[in-house]
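The values are calculated or read from the model by the stated rules, or taken from the named source; none is laboratory data. The structure presented is a predicted model; accordingly, all values stated were derived computationally and were not measured. Neighbour counts are summed over all protein chains in view; Cβ atoms, including those assigned to glycine, are modelled from backbone coordinates with ideal geometry.
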Amino acid sequence: MNNKRCIALVGLSTIESLGVKWILQNNWNCQLENFSSFSEFMPLSESSDAFIVTPEIFVSNLDFFLPRKQKTVLVMNGRNEKFTQAGVGMIFPDSDETEMRALFESLIKSLHDVDSQAGELSGREIEVLRLISAGKINKEIADELCISVNTVITHRKNISSKLGIKSASGLSLYALMNGLI
């Protein structure tokens, strides 16, 4: 496994890109790719391990970024309360270097954690995900798959952990976007 991480910077201004690059390259072994727009970035998106983007890019491309929100950092141009519940890391204009380093440390650690997990869903987890997407509750899933409710709960926890998505609607969106339903 290559330890060098490829992080895409999408839509950032020149000064934002320089600041982010300076912190990341001086502290971690990262390859940084700068893209002025999402359309420029999209053909090369699969080569990126993480994403640092503007809120505008994030919002206009939710279908791409929501399943990858644990690997995404927003560079905010001010404090905006509507993004605080998104579960995405954020850098603000008044963030100091220590805060940014802590955020990037968490981002890099989460990339290593993903590597250490199985990463892909097992066949049974995909079955459970499909049934969650169909709107079934734990008891119904257990009855349909002939397993215990506790096993269903364990599968749900594992799916959420692997995908970084906690809500049933988020899991349904993930399943739809990845052709599982």
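Worth a mention:
- Exactly one residue out of Asn34, Asn27, Asn61 is surrounded by 13 or more Cβ atoms within 10 Å (Cβ to Cβ) and at pLDDT below 90, and it is Asn27.
- Scanning the range 157-176 for residues that are closer than 12 Å to Ser133 by Cβ and either surrounded by 14 or more Cβ atoms within 10 Å (Cβ to Cβ) or in contact with a helix residue (DSSP H, G or I) (Cβ under 6 Å, 6 or more places away or on another chain) (or both) yields a count of 9.
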